[in-house]
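In what follows, a structure is listed as structure tokens, so that the remarks can point back to it.
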Amino acid sequence: MENRKKISFLVPCYNEEENVIPLSEAIISEVEKLERYDYELIFIDNCSQDKTRENLKKLCSENKKIKAIFNARNFGQFNSPFHGYKQTNGDCMITMCCDFQDPPEIIPELVKKWEEGAKIVCAVKKTSKENRLIRGLRTIYYKIIKKMSEVEQIEHFTGFGLYDKSFVDVLKDLDDPAPFIRGIVAELGYQRVEIPYEQAKRRAGKTSNNFSRLYDAAMLSFTTYTKSPVRFFMFFGIFIAILSGVGLITSIVLKALGYGGFDLGIILSAIGLFSSVSYIGISVIGEYILNVKTKVTHRPLVIEEKRINFDE
């Protein structure tokens, strides 16, 4: 029992009554294959409306190494997991989804790469059993964000993986009211390796990843790690301003030389000129918003209603 390294498992969940017990059994089974390791298994529940919390209470009463955090309400798909990361205390942390789409079977491989010296082991979806259309749209999204981002992005990386305690400590020190772990890993991660896996279908239950949640994730990534859209509208505004200015001067000169009938051209050029100024102004404001948006709010990531087995 002495000098055993401790692995912290962090599992965010929302309405996963059919999955929390089987997943805990699967994770513990994989850890038991690793003889030299202790573990803690933390579930952070984002205000589930089914029997998830009842099942978690049962798990915690039977095994003190299983811990639970109950959020006072649903704080979203980014804040809740990030708060959970900050509650771990192992030598490394493994985070995974509760629906079995992140396979517990690759836990030994994650640990092996860590023992070989990697500080971050990213599990990357090389293939997936999800809908082909959704897979295709995700691929296009990753390609676009990778091209536009100033920070290297990891394609088909959802956050599933292993993080050394040294990197978890970096996460704990971050004061970010809108954390996006995939981008943070790409931006601040070091000694990083990737391992491929096939994403399975959800084992049970219904996914909460609707269009709104997927859109939130996409926009958070865009606004956090790209300036290209803002810059595009800036230069587009400048181009329209120049074009409109030339058109306006040309129309006025031609009218002064006696070529009538250019009143409409003058009006359209003037409208274009003033519109382009608006584009430029909005883009400049956008630059400031991009720069200060993470510094103006200091709300807590979540508010906890209850935590279980955190006595130490």
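Values in this text are rule-based calculations from the coordinates and carry no lab data. Keep in mind it's a predicted model, so treat the numbers as computed, not measured. Every residue, glycine among them, receives a Cβ derived from its backbone with ideal geometry; neighbour counts consider all protein chains shown.
Distances between placed amide hydrogens fall under 5 Å for Cys97 paired with Asp102, all partners being 5 or more residues away or on another chain. Ranked for footprinting exposure by Cβ neighbours inside 10 Å, fewest first, Met93, Met234 give Met234, Met93. Cβ-to-Cβ counts within 10 Å put Asp102, Asp38 in ascending order as Asp38, Asp102, the fewest first.
Taking 0.36 nm per residue of separation and subtracting the current Cα-Cα distance, fully stretching the chain between Phe310 and Gln191 would add 39.7 nm. Once backbone amide H atoms are built at 1.01 Å from N, Phe9 has Glu40, Leu41, Ile42, Ile94 as its partners under 5 Å, excluding neighbours fewer than 5 places away on the same chain.
When Ile282, Ile69, Ile140, Ile28 are sorted by how many other C-beta atoms sit within 10 angstrom of their C-beta, beginning with the fewest, the order is Ile140, Ile282, Ile28, Ile69. In this label model, Asn89 and Phe274 are separated by 6.5 nm, measuring between points 7 Å along each Cα→Cβ vector. When every alpha-carbon pair in segment 1-49 is counted, what percent end up more than 18 Å apart? When all Cα pairs of segment 1-49 are counted, 37 percent exceed 18 Å.
Take the Cβ atoms of Lys58 and Glu115, set R0 to 30 Å, and the FRET efficiency comes out at 0.35. Backbone phi angles across segment 175-188, fed through the Karplus curve with coefficients 6.51, -1.76 and 1.60 (θ = phi - 60°), yield HN-Hα couplings of 10, 10, x, 9, x, 10, 4, 4, x, 5, 4, 5, 7, 10 Hz in residue order; Gly and Pro are listed as x.
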